[in-house]
Every structure is written in C-alpha cells, then in structure tokens.
Amino acid sequence: MRRPAGIPAGCRALTVGGWRRVLSYLGPHRGMLALAALASVAYAALDAFSIVVLIPFLGTVFGEREGTGTPVEPSQVDRALDFTVGRFVDLGGDPQTVVVGIIAFIFGLVVLKNAADFARAYLAARVEQGVTRDLRNQVYGHLLEMDLSFFGRVRTGQVVSRLTHDVEQLRTLVTAELVRSLSLVLVFAATLYWMLVVSVRLTAAAFIVVPLTMVIWGPLIRRLRRGDRQVLNIAGEVGSHIQETLSGIRMVKSASAEALERKRFRKLTTGYFDTFLRTMRLRALAGPITEVFIALGTAILLWYGVRMVVVEGSLTGGEFVGFIFLSTKLYAPVRYLSKLPTVIQPGLVGAERIFEFLDAPAEIRDREGARPFTGVGEGIRYRGVRMEYRPGDPVLRDVDFFVPAGTVVALVGPSGAGKTTVVDLLSRFYEPTAGAVEIGGTDIRDLELASLRGAMGVVSQDTVLFHDTVRANIAYGMEDAPLGRVEAAARAAYAHEFVTRLPEGYETVVGERGTALSGGQRQRIAIARAVLRDPPVLVLDEATSALDAESEKLVQEAMEGLLAGRTVFVIAHRLSTIRRADRIVVLDEGRVVQQGTHAALMEKGGLYRRLREMQFR
C-alpha cells in the first residue's frame, strides 16, 4: 500500500525524538497523571501485600507459624509481618483469634486496594480523554491551516482517517497502554520485592524463562509494523470511497452504476480483510508463545519449591504457597509486557501517520512584516502571472490585465482556460509560480492573509451551506452579527420572504449542504452572506449557471444591489449574464487573448464573438 500523495513519508520506526514527541502530549495533564501514578503505586503495594498476609494465615491454620525446618530467611518475613500485620493482630496469640484478625485485615486491604484501583481508572480515563481532545484539536487546527493545493493532492478520506482512527490509536498508545504498563510495572516491582523477601533462590528460579520471552519478538515486531501501516492506509481508502460515493450518489444512480460501485467497494473491503487478518495472525502468536514459556517457568518453580520445603526444609509450607500466589501476580505483568511490542504497534503506526500530517507544511503564510488590507486603492493588477499546479504544466501564462476599483470585470473563455485559477490567486488560495497579483500597487503576498481574505466575498455555483440554521449560515464567520443585520442582508438578497415561510424562520436547520432548500434559495442565502460581509471585492463564479429561469431572475436581481460600489470578478459561461460588465477579459489556454467591452469585442471579432455565436446559434 502506497503512502497517500501529498503527505511526507514518516520514519520506518519512531526515533527517540519521536517518542519524546508522543509523550509530550501528556505534559498538560501531568498533574492528573501523577495522581494516577500514585493511585497505581498504592494499588500495586496493597495488591501484593494482600497476598503476603496469607503466609501467617496459612502458618497459623497448619500450625507452622515458626516453620518446620531451619528457614533461610524467616526473620525477614517475620519482621515485615510483625511490623505491618502485627500492629493490628497479635500473631502469637490464640490461633482462632489470629485467623479472625488476619481475615479482617485482608478484607480491609481489599477495600483499600479497590479504592485505589477506582481512583487509578478514573484518573487515567481523564488523562486519556484530555489527550484525545488536545490531539484532535491540534490535528483539526493544522487541517484548517493547510493550503488548497494540499487538499488537491490528498484524498479527504485519508485526512478524516488521521483525524479519527489514527488519533484514537495514538491515544491508546500514549494513555491507555502507558498507564496500564506503568501499573503493571509497579505490580511487578511490589511482587518481586516480596518474592525476594520470601526466598531469593526461588525468585531466581521463577525468572529462568523470563529472558526467553523478551528475545523472540524482533522479526515479529518488524512485520507487524508494516502490516499495521497497510491496515491504516486501506482503512483511509475505504473512508475515501464511502465519502466519494455518498457525495456523488446522484451520479451513481443516474448512471445505474450501483453494481460497479459495489464491486469497487468489495475490492477495498476484501483487501482490508486480508491485510487485517495477516497482521492479526502475527499478533495472535504473542499469547500462545508467552503462555508456553510461563507454563515452563511454573513447572520449574513448583519442582524447585517443593524441594526447598520437603527436602531442604529451608521454606515453610505457608511461605511456599504464598510465594506461588505471588508468582501468579508476577507472570501477569511479564505476560503483558512481553506482548507489549505487538500491542502498541497500531499506536506507533498511528503516531507516524499523524506526525506525517502535522509535519506537512502550510506553504501559504503571512510574510514577516505583512500589512493589513486597507482597501483596493486604484484597482487590482495581474502582472505577468504564471501558474503551475504541476511543474512544467502551466495553467496560466503571462496573464497581465488591470481592473480599476469599483468596476465589474468578466472572465470569459473555454473550459480549462484558467478563469477559476485567476480568482483563486486573488484570494491567495494558491501562489503564482511567477509574476504577482497587486491590490492598490501592493503585492498581495505582503498583506496579512486573514485581512486579505476578509475583504473577499465569493458566490459560486456550488453554494456551501452547513448543517446549521439559516441565520448561522448567513452570518458564517460573523457569529456576533445581530438578527436585524442578518434580516437586512436577507432582504437585500431577496431571501427574507422564503426564509420567513420556513418552519422556524431564521432558526430553521437547512440540512447537510442545504438539502432542505432549493438551488435558487441556497444561492440567495449565499448572496445574503456576501451582503452581510460587505466586502470591497466580490467574486461571482458561475453563480447562476445551475438555476432555472425563474430562480436565475431572482438571483440576478439580488446580485444587482450587491455589485454597486464594489470591485467585482464575474465568471460565467452564459455570456448573456456579462454583457453589462465594464471590462471583459477573454482567456484561452491560460493566456489573455482579448480585453474590452462587449460591444468592442463583438465588433473586433475573435474568440469572444465565436463563443457567443456558438452559444446563441
């Protein structure tokens, strides 16, 4: 599976710096993380000690409190128990009283242990969700900073996959697995301490097989890393395909292409299925391999422990049974930590993919010393502009024309002539490969980006409305605009009348992409949005080409008031809509081939007249 185009390649594995970057997401939550760590310490200590208390219990029940032989280190166990349990229970008293006291003591330990476990789980969940929130906010914020060229190179589904699935994988790595690993390490340390107190030799026997479980994962981990990256990439492709199909569902149905799309989707899901199972097969080997080694270690421990009790007499029966219980606590962390390299692989791959995205630079930024936009001045000039989306394949060639302030210029030409690219450069959605776009004699690259774009209003054929109220869509980007101004803008756009007839008026939710409204209504909402912004520069990009005659008439009337006093760029294939433009710029294959008024161009002949005659023939 190839890396999605437009996103820099990540490292094959996270470096030390990469790990530092991963762990940096815990920084804002270090207070909660510290409390979770303290709760984990308390849980580990109480969990191990609740088993150690079984030793005097068993010794009392079987009458071997003082042992049956000559223990190697009975004094260490006795001193530890006398210092702890002995403060609450008289271990040398009546056996029945001792048993009842130890049971009560163990019950108290269990209550405290579970309280610590609750605190650990709750605090860890707060850290997890905090990291998830911060990470998603950072990725989404970076997404909004990216240039349009980035979205032209990268499929939307891949971006969504990084924002959702990959963030979840990294959250699992940074928080869930980290907190669990910390807790198990503490359990391991507490258990190991008490095992050493009981018997150093028996502890050494228990560790014979541990190194073996730690050295068998190298080749497995490398294959898992490749497999997990393929799984995440294919998941992004599946998301992209779903999004493309849903956005183009009208085309799918009109072409009766359901079977074709079903076949393409099944091919993707089959690839995901096969790749996921191959990776899961490798991951599933971790459990059985670890269990075999643990069974071998347990067999060695039982054989050697029984020898110490029965043959050597260096260990009491109670100490041996207590040690066995402790060893079960030891193997759980060993089992998990030995599988940890396979468990965290999806998180590591998710981290690499997220960092690839976060490291993709936003190429269009404010220059140092950029100035705010102060007005159009004398007008807007395109000076020798050349534009290439791909090196060596120019879309615009030496485009040079001037638009006086307060005039309407129409951009005309065949499809692919470069009309939309001309207006995209004006908003700095892209940067010219050569030449410059100037406003009031100032290169727009020397203006603050937000200030420049704030001076632009755009009404296009593909009207963008969000799943929100009519009021919110009109006031998009101006959330503080009072309702009175919103209604005034709607009246100017001939939209107020139909808006008031909606079920909840201006508070009616228009649906995703404005599906609750007709095409003409959506356009008038877009015009109302432009009226409210009151921009000095306006771009009308095929604003009426998809409308019926009645809707077009209403939209045209709404736009008449919008044009007054502004510098306007109009793109239209319907040449009848641009006859009243002050200037017409004719483009062909990325070059300006004609300029002038409608009458002058018709008289001169050339491409403009041919286009008009073809349209009205």
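Quick look at the numbers
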read-out: Probe 1.4 Å, protein heavy atoms only - accessible area per residue of region 346-467 in square angstrom; value: 41 Å²
read-out: Under Karplus coefficients 6.51, -1.76 and 1.60, residue-wise ³J(HN,Hα) of region 200-206 in Hz, glycine/proline x; value: 5, 5, 5, 5, 4, 5, 5
read-out: Peptides ranked, highest mean first, by Cβ atoms within 10 Å: ranges 462-469, 259-266, 200-207; value: 200-207, 462-469, 259-266
read-out: Contour minus Cα-Cα distance for residue 122 and residue 442 (0.36 nm per residue); value: 109.5 nm
read-out: Computed accessible area, residue 122, all protein chains, 1.4 angstrom probe, square angstrom; value: 120 Å²
read-out: Rounded percent of accessible protein surface that carbon and sulfur make up, region 446-495, 1.4 Å probe; value: 52 percent
read-out: Dipole magnitude of region 423-484 about its Cα centre (Cβ charges: Lys, Arg +1; Asp, Glu -1), debye to nearest 20; value: 120 debye
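The values are calculated or read from the model by the stated rules, or taken from the named source; none is laboratory data. Here the structure is a predicted model, which means the values were calculated and not measured. As a convention, Cβ positions derive from the backbone with ideal geometry for all residues, glycine included, and neighbour counts pool all protein chains shown. In case anyone asks, the SASA skips ligands and DNA or RNA and just uses the protein heavy atoms, side chains included. Shrake-Rupley method; radii C 1.70, N 1.55, O 1.52, S 1.80 Å.
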